[in-house]
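The values are calculated or read from the model by the stated rules, or taken from the named source; none is laboratory data. Everything numeric in this text was worked out from a predicted model, so none of it was measured. Glycine also receives a Cβ, built like all others from the backbone with ideal geometry; neighbour counts cover every protein chain displayed. Just so you know, the surface numbers come from the protein's heavy atoms only, side chains and all, with ligands and any DNA or RNA stripped out. Shrake-Rupley method; radii C 1.70, N 1.55, O 1.52, S 1.80 Å.
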Amino acid sequence: MKTTRKRFQKVVILTIVSWLVLFVFLPNLMIFVTSFLTRDDTNFVKLVFTLDNYSRLADPLYAEVLLHSLNMALIATLSCLLLGYPFAWCLTKLPERLRPLMLFLLIVPFWTNSLIRIYGLKIFLSTRGWLNDFLLWLGVIDKPFSIMYSSQAVILGLVYILLPFMVMPLYSSLEKLDKPVLEAARDLGASKLQTFIRIILPLTMPGIVAGCLLVLLPAMGLFFVSDLMGGAKNLLIGNVIKSQFLNIRDWPFGAATSVVLTLIMGLMLLIYWRAARLLNNKVVLE
């Protein structure tokens, strides 16, 4: 029995490692190597080593796109936090028998492809969409307004797609709050605002940081949201990568941009890990 179990464990481990090597390590290695090669119009790449692909990223045009992408991702992350924190708090206040249902309804949209959902949002917000029809019917507006093909539309699309990624870690942190600590704060005369700032917020900070990273990192690369909701003037860094590979056919530069984006994401994950360690140490010391 033990021998069979050990063999099964080895097969599972080997399968997982093989999957990671074939579909994660090797593709990323190919991207990394390609970023140091030279563009070739016939074969896409030439085996000529160069650092020009990385030096081109210092061009003000690409630097501006990167900063614009980061700015929109930060706004979308902050919006998700402001919407997701009260939502997650309300979930924890529901009766326990209703929480699984609400979490299920939160996850249901993931069953539909995000591209299809963005098309649906685009139809809903268009000049002749349901939102304008409803507001005209209520008499709130005299003529249809246009929000499409603007930075606001891109941010709205990002929030629509990524909000559940913020709610889930926040809900997990809020659900684990130590109720006696909150009761002790109330007994000692702390107001609701003081309890939130000094107790609830620090204890849920790991969930906040995790949710912000889960939203911020994908927000910089969801190029189809920018394509459909923002038009050509509201590019994300993902749009640049997509254009280099599919339109311009400059694979080395697209690979270099991908590597830089991956490094930025890795740096953010490192910051999260360090912040989580510091917060845990602080909680233990207190």
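Quick notes on this structure:
- Label zone at Phe145, where the point sits 7 Å out along the Cα-to-Cβ direction: the range 100-124 residues whose backbone N lies under 19 Å: 121-124
- Whole-number accessible area per residue in Å² for the range 60-284, which is evaluated in the context of all protein chains at 1.4 Å: 57
- Amide H to amide H, with H built 1.01 Å from N, Lys46 comes under 5 Å of Thr38, Arg39, Asp40, counting only residues 5 or more places away or on other chains.
- Structure-derived mean projected area of the Cα convex hull in nm²: which label, when the choices are (i) 23.9; (ii) 17.9; (iii) 14.4: (i)
- Surface composition of the range 60-284: carbon and sulfur make up 70 percent of the accessible area, probe 1.4 Å.
- Lys, Arg +1 and Asp, Glu -1 on Cβ, resulting dipole of the range 132-286 about Cα centre, debye, nearest 20: 320
- R0 of 25 Å, Cβ-Cβ distance Leu20-Leu269: FRET efficiency to nearest 0.05: 0.90
- Here each label is just a point 7 Å from Cα along the line to Cβ, and for Ile248 and Leu61 those points are 0.6 nm apart.
- Difference of contour (0.36 nm per residue) and Cα-Cα distance, Glu175 to His68: 35.0 nm
- Part-to-part distance (alpha-carbon centres) for the range 139-167 and the range 6-59, which is given in Å: 36
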